[in-house]
1. Taking 0.36 nm per residue of sequence separation and subtracting the Cα-Cα distance, how much length would be gained by fully extending the chain between A:VAL375 and A:TRP11, in nm to one decimal?
2. Quick one: which residues, 5+ away or cross-chain, put their amide H under 5 Å from the amide H of A:ILE252? H built at 1.01 Å from N.
3. Can you return the aspartates and glutamates within cross-link range of B:LYS110? Criterion is Cα-Cα under 17 Å, with same-chain partners fewer than 8 residues away left out.
4. Quick one: which of A:LYS202/A:LYS283; A:LYS419/B:LYS142; A:LYS72/A:LYS202; A:LYS214/A:LYS283 span more than 20 angstrom between C-alpha atoms?
5. With a 10 Å radius around each residue's Cβ, average the other Cβ atoms per peptide and rank A:275-282, A:43-50, highest first.
6. Rounded if a/c is under 1.5, else prolate if a/b beats b/c, else oblate: with a ≥ b ≥ c from the C-alpha gyration tensor eigenvalues square-rooted, which is the stretch A:1-63?
7. Given H placed on each backbone N at 1.01 Å, which residues far from A:GLY47 in sequence or on other chains put an amide H within less than 5 Å of it?
8. Amide H neighbours of A:ALA279 under 5 Å, at least 5 residues apart or on other chains, H built in the peptide plane: list them.
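All of the numbers you see were taken from the coordinates with simple rules; none came from a lab. Note that the coordinates shown come from a computational prediction; the quantities given were computed from them, not determined experimentally. A quick note on method: Cβ atoms are made from the backbone with ideal geometry, for glycine too, and the neighbour counts reach across all protein chains shown.
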Amino acid sequence: MLDFPRWKVIWIWLVLLAGVAFAIPSLMPDSVARQLHLDGMPRINLGLDLSGGSHLLLEADTADLAKQNLQKMEDTIRTEMRRGDPKIAIGDISTSDGKLSFFVRDIAQLDAAVERANAQTQPAGYSGQRDWKVDVVDSTRIVMTPTEAGLNASVENAMKTAIEVVRNRIDFAGTKEPNIQGEGKTRILVEVPGAQHPEQLKALIGKTAKLEFKMVDMNVDASQVSAGHAPPGDEAVPYPDISPPGGPMRYIAVNRRVVLSGDELIDAGLSKDDNNQPAVSLKFNASGGRKFARVTQENPGKQFAMILDGQVLSAPRIDEPILGGNAIIHGSFTTDSATQLAIALRSGKLPVNFKFIEERTVGPQLGADSIRAGVIASVIASVAVIVFMFVTYGRFGFYANLAVVLNIFVILAVMAILKSTLTLPGIAGFVLTIGTAVDANVLINERIREERRRGRGIVQSVELGYKEASRTIFEANTVHAISGLIMLLLGSGPVKGFAVVLLIGICTSVFTAVTFTRMLTAGWIKRHRPTEIHI
Amino acid sequence: MRLLKLIPDNTNIGFVRLRAWAFGLTALLTIAAAVLVGVRGLNFGVDFVGGVMIEARFQTAPHIDKLRSDIEDLHVGQPYLQPIGSPEVISIRLPLPRHSDEGASNRLVKTVQSALGAKYPGVTFNRAETVSGKVSGELIQKGLLAVFLAVFGIAIFSWLRYEWQFGVSTFVAIFHDVLVTLGFFALTRFEFDLNIVAAVLTIIGYSINDKIVIDDRIRENMRKYRQMDMRALIDLSVNETLPRTVMTSLTILLALTSLLIFGGPVLRGFTAAMILGVVVGTYSSIYVSSSLLISLGLAPQIGEPKKKSGPPAGAERIG
């Protein structure tokens with residue numbers, strides 16, 4: 001036990017030094033870190049309960065999504081049956097019970113109709129299932145039922161988009177370091193430090209942005225339309241860009257039919273046209289690209305309107321057919337206005353409705369108070385423990401104290417590297433971890449005392465003390481790890497914050513409280529060959 | 001330098017002898033706690049029952065009944081008021097608004113805040129939380145599940161690691177600790193929220209730690225003294241580990257007490273629970289789990305002599 005190879009000693013010190021180095025940036029205020037150019041180093045995030053801020057939990061309305069899917073399928077079936085060759089006449093379309101059912105007028109076309117309906121379904125899940133099941137009822141009706149796998153896939157898809165949309169909207173508002181992440185299958189967690197007005201945040205997230213592309217009707221009486229009247233089949237849509245600032249809103253007439261919907265737009269960005277002027281690039285998905293190609297082929301020279309939430313964002317003229325699914329809108333853009341249009345297009349609409357099921361706001365004052373209280377309490381607790389340990393175990397207590405202090409640094413360092421968040425329960429977890437680390441040394445030292453009482457030699461007592469206690473410490477830590485892991489897996493928010501610190505602390509405390517103190521003790525015994533130890 | 005020694009060397013306290021009394025006390029405590037939880041119930045925070053919580057800091061401590069009637073005049077439901085930490089800081093809990101459309105809870109919070117702002121100049125609002133009934137139900141389930149799984153996981157661990165008696169005695173002792181802690185919350189009406197679940201889990205962790213240390217020593221002594229009577233052996237093991245038990249409990253209590261006094265109002269319920277847990281956990285390690293081993297019929301010399309892994313022979317005690 002007294003043999004600590006040199007490389008091992010160097011290793012242990014290096015790890016501890018690294019721990020201190022990585023912990024330091026988290027311990028200083030932002031401004032100091034920036035001055036010392038340490039702001040690039042990983043730092044611990046403060047949880048909302050410490051920094052103040054808003055916490056929102058959103059849940060997707062999956063019933064609404066199922067309804068939307070049904071609606072879309074109905075539209076698709078109507079078009080496909082009519083458009084295909086030969087045309088299949090259908091009637092009595094119903095969407096009750098979450099199923100789409102329709103009547104095929106000519107029985108001879110039934111098989112063709114089933115085939116065409118099947119062609120509209122997509123694979124879903126891994127077991128070769130499709131998102132809709134197509135059945136024939138009474139040999140004249142086709143019933144399409146959404147499958148479980150299909151619904152799951154569409155929820156998953158919608159959530160992916162929704163998280164992006166929420167992120168775009170919050171980033172767009174210039175919020176500092178928001179945390180947006182999916183939770184479970186249907187929830188989004190939004191945490192914004194510093195935000196004091198959850199209602200603004202909610203308005204920002206919850207706005208029902210709906211992006212649509214419609215054709216502008218060119219053959220209308222401009223004066224009628226400007227006043228807000230549109231001919232049948234058209235609608236008058238406000239167009240802020242052509243309205244005089246402060247004057248009455250101008251309208252343009254668009255055909256009611258939606259040529260493309262916002263969810264077929266994959267991306268929009270700032271770009272440059274051939275003359276190196278600012279422009280907005282658009283990228284559509286496959287079906288959107290096909291539709292866009294058809295529209296641009298059929299309507300050269302006409303304008304199409306991009307309508308967000310019932311307002312026209314832009315209504316560019318179609319110069320030439322655009323076939324690849326990538327388009328550029330150019331014209332009288334400045335870099336700013338092009339960026340704004342791109343963001344407005346990109347932050348599109350939420351693919352599904354959301355409900356706010358949990359919201360918390362913590363004032364920065366409470367946060368600051370809590371930090372101060374937590375820090376003061378931790379310092380007092382540490383000092384009390386350190387004094388107590390030293391009075392009880394002397395030199396060995398001093399080693400244990402050194403280990404505990406270094407342990408704090410190492411935990412902070414690991415947390416910084418893992419970019420974990422320190423919350424109030426996390427601070428409590430810290431205190432507990434210190435307690436367990438101290439317990440490890442108490443176990444060792446008490447064991448050494450015991451072995452000495454039994455009349456063993458110094459070296460043997462120390463050796464046995466570490467050996468016997470290590471087994472107990474290992475078992476105790478395993479148990480802590482079990483409860484820590486359960487908390488981490490099942491807990492939410494505060495419980496998790498506590499578990500993270502606890503788990504990190506378990507790992508680091510074995511290193512500092514056992515390995516490190518053993519090295520110190522071994523070194524001391526080797527150098528001084530004491531004939532008596534005070535413990 | 002003379003070092004501090006809290007527990008004299010080689011104590012020989014007959015813990016096992018006292019176990020009839022201890023079981024009586026334990027039963028009494030457990031029943032009292034169960035009755036308290038059943039009758040008084042726990043003061044669940046919005047985390048668990050759903051609702052709206054507003055934390056207000058007043059310039060001077062308000063009259064609680066006056067504040068209650070002021071809020072009742074707003075017709076937002078029956079408020080539940082509780083000072084947190086100091087009499088100036090009041091937690092106001094309200095039921096969820098009946099129409100749970102978007103913004104209804106915001107309007108509720110705004111209504112209360114502006115009404116209080118008008119009546120109590122200088123009032124500030126530290127926190128506002130809204131938890132819907134759906135989430136709160138899940139949180140209860142998740143919290144209970146976490147506690148149960150933690151206890152079961154740990155009991156299974158000690159069963160696999162030692163004999164089944166250790167698993168059972170540990171499980172009973174932990175169950176006792178959790179129940180007494182819950183009884184404490186029912187008695188004091190401290191708010192029981194998510195943070196407290198973390199505290200309960202920590203108590204479990206701590207208490208288990210304590211039991212593992214003693215169980216480990218019992219096992220070690222069972223290997224060492226094959227002929228010794230089980231009662232004497234358990235007494236010996238508890239006595240041998242007594243300095244460590246006292247030392248560690250005191251250290252942790254020292255740390256927790258400073259947290260209780262200086263840690264601010266938010267941590268108060270948490271630390272109070274932990275302090276109680278440490279005391280109860282230490283008690284149950286000595287009196288519940290160890291003594292229960294005898295009642296469960298743990299016998300020395302289980303199985304064949306195992307290969308010696310401990311200290312060399314000759315570990316007799318003098319004294």
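1. Values: separation 364, 0.36 × 364 = 131.04 nm, distance 3.08 nm.
Taking A:VAL375 through A:TRP11 to full extension adds about 128.0 nm, to one decimal.
2. A:VAL237, A:TYR239
3. Leaving aside aspartates and glutamates fewer than 8 places away in the same chain, those within reach of B:LYS110 are A:GLU199, A:GLU358, A:GLU359, B:GLU55, B:ASP70, B:GLU72, B:ASP73, B:ASP101, B:GLU102, B:GLU129.
4. On the way: A:LYS202/A:LYS283 29 Å; A:LYS419/B:LYS142 26 Å; A:LYS72/A:LYS202 28 Å; A:LYS214/A:LYS283 17 Å.
Over 20 Å Cα-Cα: A:LYS202/A:LYS283; A:LYS419/B:LYS142; A:LYS72/A:LYS202.
5. Working: A:275-282: 17.6, A:43-50: 23.2.
Going from most to least packed, we get A:43-50, A:275-282.
6. Numbers: a/c = 4.05, a/b = 1.89, b/c = 2.14.
Judged from the Cα gyration tensor, the stretch A:1-63 comes out oblate (a/c at least 1.5, b/c at or above a/b).
7. Those lying under 5 Å, H to H, from A:GLY47 are A:LEU422, A:THR423.
8. Here the answer is A:SER271, A:LYS272, A:ASP273, since their amide H atoms fall under 5 Å of that of A:ALA279.
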